[in-house]
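Reading through the structure tokens given below for one structure.
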Amino acid sequence: MRRRIGAALIATAVVTLTACGGGGGTSGDPAGDDETQAAPDGTGQTLTVWVDETRMAPTQAAADAFEEATGAKVELVQKNFEDIRADFLAQVPTGEGPDITVGAHDWLGELTQNGVVSPVEFGDKAGDFTDVALEAFTFDGQVYGVPYAVENLGLIRNVELAPDPTPETFDEMIAAGQEAGTKYPFVIQVSTEGDPYTMVPFQHSFGAPVFEQNEDGSYSSELALGGEQGEAFAQWLADHGANGDGVLNTSITYDIAREAFKNGETPYMVGGPWLIEEFDGMDLAVDPIPSAGGEPAVPFIGVQGFYVSAKSENGILATEFLVNYIGTKDIQVKMYEAGDRTPALTEAADEISSDPLAKGFADIAADAMPMPSIPEMAAVWTFWGVTEAQIINGDAEPAAAWQKMVSDIEGAIG
């Protein structure tokens, strides 16, 4: 179902990037690496970095080391994460805005389409990051962000209620959940508007990804969620919805699913690492999501990172800061400790793997699919979730509703 961008291809792409300038080697590394080279002289220069509250302290630690090594100043501006993309798009074309901003990989299509970000040159450090993290920030053969974390869904299991590893198939999991004798055999957030991000692992297990992939693993604009595979998934939604066994229910919101799991009302929940803190004190495991359609139930992976403004006058310094300071083990571990997301740097991911829950999510991430970041994805969200909710509620014939959804998306893209 999925073709991955190979590590060699990514390494080749990032080594040859030139638009942003290069940092020229490691320097004053806050990770304490033995091999260091002289840092560039940044005396009299200032980098402005937009960062959200969660990432503020780790970014400040990187900034302190960078300032000491280069003589440059780093001005951190705390922003609400929800506001960053719109503000960046509005300010950069006018020559305002930061040199660097924190952001998500799925912004990439819109940011490149509007010409507000520059590629980043990694040099020989490309191989230090996980393939999937660099793949997510790759567009048209160029890498546009320095990743610090990956996040993805898994199957969170209450070990007290379900001591055995989660079965490999959805039906077997439901049977095991029923044997546990809890209120719900399994919970997944749906809500009245649907939640395709959370549901997509099951869709993928039917062989129905959202877009076709090119030979290099990048996404094309050709839809792939239709046809027999997509319609089979739609029928599965109906079979487990209001007119079926009721396992899927649009009254189950994020909050209801979370509380049900927290209160021991279900042994299984599809969720991400951001939930683990909510379940403090519980005996938990993180397992692969079971397959409903016969193929692996791989989730989307989201990658968090930092972008360089296309209007920055300090591209070389910005690259140095991101690649050789944000891209170090100590800082990426600090990012993990602040937000519970698996580090994008392989060495940092290995460091936190002693935590079995973190390792569970990281193992799933290795085969996850980057959420499409192409501009056409915006049209998909408009119709996707509401169609799923209609089918689950029994308000629409599955195949017909799915076909209409695909036609509506094609019309919006067209």
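Some notes on this structure:
- For the chain, the spread of Cα positions along each principal axis, largest first, Å: 68, 50, 36
- Residue-averaged 222 nm ellipticity for the chain, from DSSP H runs of 4+ at -39500 (n - 2.57), nearest 500: -11500 deg cm²/dmol
- Order of SER251, SER218 under a 10 Å beta carbon neighbour criterion, fewest first: SER251, SER218
- Separation of the VAL77 and ALA242 label points, Cα + 7 Å toward Cβ, nm: 4.7 nm
- As a ratio to 2.2 N^0.38 Å, the alpha-carbon radius of gyration for segment 51-148 is 1.12.
- Sequence-distant residues sharing a close amide H with THR342 (under 5 Å, placed H): VAL150
- Rg/Rh (Cα only; Kirkwood hydrodynamic radius) as it applies to segment 60-113: 1.03
- Put simply, the Cα atoms of segment 256-386 extend 55, 39, 28 Å along their principal axes, the longest span coming first.
- For the chain, the tally of Lys pairs with Cα-Cα distances below 28 Å comes to 16, considering only residues 8 or more apart or on different chains.
- In a fully extended conformation the segment linking MET56 and GLU259 would gain 70.1 nm over its present Cα-Cα distance, using 0.36 nm per residue.
- Between 0 and 90°, nearest 10: helix 170-179 axis offset from the chain longest Cα axis: 70 degrees
- Segment 201-275: GluC sites (Glu not before Pro) falling in loop per DSSP and having at most 12 other Cβ within 10 Å: GLU215
- Compared with the direct C-alpha span, the chain from ASP280 to ALA175 gains 35.1 nm at full extension, assuming 0.36 nm per residue.
Here, each number is a calculation from the coordinates, and none is a lab measurement. What you see is a predicted model, and the numbers here were worked out from it, not measured in a lab. Don't worry about glycine lacking a Cβ; one is built from the backbone with ideal geometry, like all the others, and counts go over all protein chains shown.
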